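Asker: One structure follows; several queries about it will come next.
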Amino acid sequence: MLAHMAVGQSVTVVPTNAELTTQEAADLLNVSRPFLIGLLTAGEIEHRMVGTHRRVLAESLLRYRAVDDAQRRRHADELTALTQELGLT
């Protein structure tokens with residue numbers, strides 16, 4: 001957290017049991033609100049409806065982000081291995 005602040009990046013502290021609006025959740029993932037709603041509709045991130053509004057637990061959002069980050073790292077590693085195997089580096 002301090003490293004991010006030292007280089008001028010903003011840091012947000014959110015309790016894991018906090019319920020977030022779709023805009024707050026989208027901001028935390030650094031995606032658009034419509035993209036986030038697509039993830040919610042597809043069941044990628046747990047949420048609940050409060051009347052006509054969606055609410056996302058910060059814990060669910062952080063869990064999704066951890067899984068997504070791990071998948072991206074795995075795909076990048078696979079591409080790196082393939083690039084080396086084909087002698088493209």
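What follows draws every value from the coordinates through simple rules; no lab data is involved. Quick caveat: nothing in here was measured; it's all calculated off a predicted structure. Virtual Cβ from ideal backbone geometry, glycine too; neighbours counted across all protein chains shown.
Asker: R0 = 25 Å: FRET efficiency of ASP77 with ALA6, Cβ-based, nearest 0.05?
Answerer: The pair ASP77/ALA6 has a calculated efficiency of 0.30.
Asker: Computed from these coordinates, which is Cα extents along the principal axes in Å: [x] 62, 26, 14; [y] 56, 36, 20; [z] 43, 40, 16?
Answerer: [y]
Asker: Sticking with this one: Taking neighbour counts of Cβ atoms within 10 Å as a proxy for exposure, in what order, fewest first, do SER32, SER10, SER60 appear?
Answerer: SER10, SER32, SER60
Asker: Here is a further query. Report, by chain and number, residues whose modeled amide H sits under 5 Å from the one on LEU20, excluding near sequence neighbours (fewer than 5 apart, same chain).
Answerer: The list, which skips near neighbours in sequence, is VAL56, LEU57, ALA58.
Asker: Follow-up question, since we're still on this one. Given a cut-off of under 8 Å on Cα pairs at least six residues apart, what relative contact order in percent is computed for the chain?
Answerer: 25 percent
Asker: Along the Cα-to-Cβ line of THR21, 7 Å from the Cα, sits a label point; which residues in the range 53-77 have backbone N less than 20 Å from it?
Answerer: 53-62
Asker: For VAL14, list long-range residues whose amide hydrogen, built 1.01 Å from N in the peptide plane, is under 5 Å from its own amide hydrogen.
Answerer: Here nothing satisfies the definition.
Asker: Please get the size of the charge dipole for the chain, origin at its Cα centre, with Cβ charges of +1 on Lys and Arg and -1 on Asp and Glu, quoted in debye to the nearest 20.
Answerer: I would put it at about 220 debye.
Asker: From the P(r) of the range 1-47, could you give the percentage of C-alpha pairs in the tail past 15 Å?
Answerer: 52 percent
Asker: Spelling out what I want: for every residue of the range 79-88, take phi, set θ = phi - 60°, compute 6.51 cos²θ - 1.76 cosθ + 1.60 (Karplus), and round to whole Hz; glycine and proline get x.
Answerer: Per residue, the Karplus-derived 3J(HN,Hα) values read 5, 5, 5, 5, 4, 5, 4, 7, x, 8 Hz.
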